[in-house]
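Written below as structure tokens is the structure these notes are about.
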Amino acid sequence: MKKIGVGLIGSGFMGKAHAIAWSGVRAVYGDVPEIRLACLADASDDLARRKASEFGFATATADWQALLADPEIDVVSITTPNKFHAQMAVAALDAGKHVWCEKPMAPVLEDAQAMLNAQRRSGKVAILGYNYIQNPAIRHIRTLLDEGAIGPVNHIRIEMDEDFMADAGAPFQARHEAVNGYGAIDDFGVHPLSLIRTLFGGVAEVMCDMAKPYPTRKGKDGERAVEVFDVATILLRLENGASGLMALSRTAWGRKGRIAVQIFGEKGSILYDQERLNEFQLYLATERPTEQGFRTVLTAPHHAPYDRFVPAPGHGLGFNDLKVIECRQLIGLMRGEPGIVIDFEDGMKIERTVAAMARSFTERRWVKVDA
Ligand SMILES: NC(=O)c1ccc[n+]([C@@H]2O[C@H](COP(=O)([O-])OP(=O)(O)OC[C@H]3O[C@@H](n4cnc5c(N)ncnc54)[C@H](O)[C@@H]3O)[C@@H](O)[C@H]2O)c1
């Protein structure tokens, strides 16, 4: 691969994060081919042209299908709202492109399956934007677990909280429509599920409760019923036998980007919170009781790939850096190297877990994920 031609569909929050990643990945890693930002597509010509100029893309279009027809494009970033992911990813894979699609796969399970089928048919690389698994702190926690530092894990707790839906007076928006999914469990709970998948493997069984703190919101023509659930609490049984609890809220005032993970093993515990993404806490019950206690470990160059960004310990990486790492994983996979990602196969297992949660809530009982 001498050059990688990139197409980007969508130029909002995540579109910008992908553009920054594609622009920075060669400077950060040095071992990847030249990246050519070929074409940016968005919903209107004006927006596409403006964002293409800001992000450094050579051309712009309001027709994402025209972008897919460009033979110079090898890989397509899809950063549009969830309801577009399936049609865009399937078309991109059928056009012979590699795909980097934002999470989750799709609001409907059958559409997610169509995405996976298209990937299998094409043989191309297709990964999802589960950036939090790329954090060097998370990678190191995985190493600690693999090495048995805290012994076999018997219980985990993950809480994900933000407050972007906390204002009861905020107007009705697309995220409140059922066409865009269930609410907290898929818009949001899929991130903790990506961490569980990366650190422990699959979820076997779930028992889910969901809630709507604000059942109606002001729409253009008066009060509208909120069709999704902003809060969820889920009991988990992992495939490795550990029990777990996942708690999700998009209406948690004061929480900005919390993904708090607690891992309890036979010989110790590990704590991590995405709001403090450059550190984790370790408790080793194997140490002398007189000095036992949680220690805070700051990430540093020996927590790869932190060293690619900064040579000094404790200086810290940020959200967009995780996207650069994710981008590098994708390029490696395109070259046939192994990588730590959530690909469409793993993504489908996450989607099935979400579907099992929704069913558990409706039927008010434990549901097996692959049943
Ligand atoms: N990985 C993460 O941490 C993370 C964080 C936020 C959002 N997301 C995901 O990213 C995706 C996008 O979310 P966002 O917050 O960036 O949304 P956004 O609204 O900021 O951006 C969406 C973009 O898609 C464009 N778009 C809409 N319809 C289009 C069409 N038909 N053709 C081309 N472009 C079109 C919009 O104009 C906009 O530029 C969602 O799937 C969301 O779940 C992921």
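No lab work stands behind these numbers, since they all come straight from the coordinates. Just so we're clear, the structure is a prediction, and the values are computed from it rather than from any experiment. All Cβ positions, even for glycine, are placed from backbone atoms using ideal geometry, and neighbour counts span all protein chains on display.
For the peptides 258-267, 42-51, 70-79, 95-104, what is the packing order when you average, over each peptide's residues, the other Cβ atoms within 10 Å and list the highest mean first?
Going from most to least packed, we get 95-104, 70-79, 258-267, 42-51.
Which whole-angstrom value gives the distance between the alpha carbon centres of region 6-30 and region 113-176?
19 Å
For region 273-371, what does the relative contact order come out to in percent, with C-alpha contacts under 8 Å and a separation of six or more?
Relative contact order for region 273-371 comes out at 14 percent.
On each of the three principal axes of the Cα atoms of the chain, give max minus min coordinate, whole Å, ordered largest first.
64, 54, 39
After finding the eigenvalues of the alpha carbon gyration tensor for region 270-352, what semi-axes result from the square roots of 5 times each, listed largest first in whole Å?
30, 19, 12
Order the peptides 335-344, 117-126 from the highest to the lowest mean number of other Cβ atoms within 10 Å of their residues.
Ranking the peptides 335-344, 117-126 by packing returns 117-126, 335-344.
Cβ neighbours within 10 Å, averaged per peptide: list 134-143, 347-356, 310-319, 241-250 in order, most packed at the top.
347-356, 134-143, 241-250, 310-319
Taking 8 Å as the Cα distance limit and 6 or more residues as the minimum spacing, I'd like the relative contact order of region 3-124 as a percentage.
25 percent
Using only the alpha-carbon atoms, what does region 226-274 span along each of its principal axes? Please give whole angstrom values in decreasing order.
43, 23, 10
Using 7 Å Cα-to-Cβ label points, what is the Leu235/Glu34 separation (nm, one decimal)?
Rounded to a tenth, the inter-label distance reads 6.0 nm.
Calculate the translational D of region 3-124 in whole µm² s⁻¹ from Stokes-Einstein, where the hydrodynamic radius comes from the Kirkwood formula applied to all Cα pairs, the temperature is 4 °C and the viscosity 1.567 mPa s.
Answer, rounded: 91 µm²/s.
Of all DSSP beta bridges located in the chain, what percent are antiparallel, nearest 5?
If I count the DSSP bridges inside the chain, around 60 percent turn out antiparallel.
Between region 179-248 and region 266-332, how far is it from one alpha carbon centroid to the other, in angstrom?
26 Å
Please report the relative contact order for the chain, taking Cα pairs under 8 Å with a sequence separation of at least 6, and give it as a percent rounded to a whole number.
It rounds to 19 percent for the chain.
Toward the positive end of the charge dipole of the chain, about the Cα centre and with charges on Cβ (Lys, Arg +1; Asp, Glu -1), which of Gly30, Ala41, Gln173 goes farthest?
Checked the options; the winner is Gly30.
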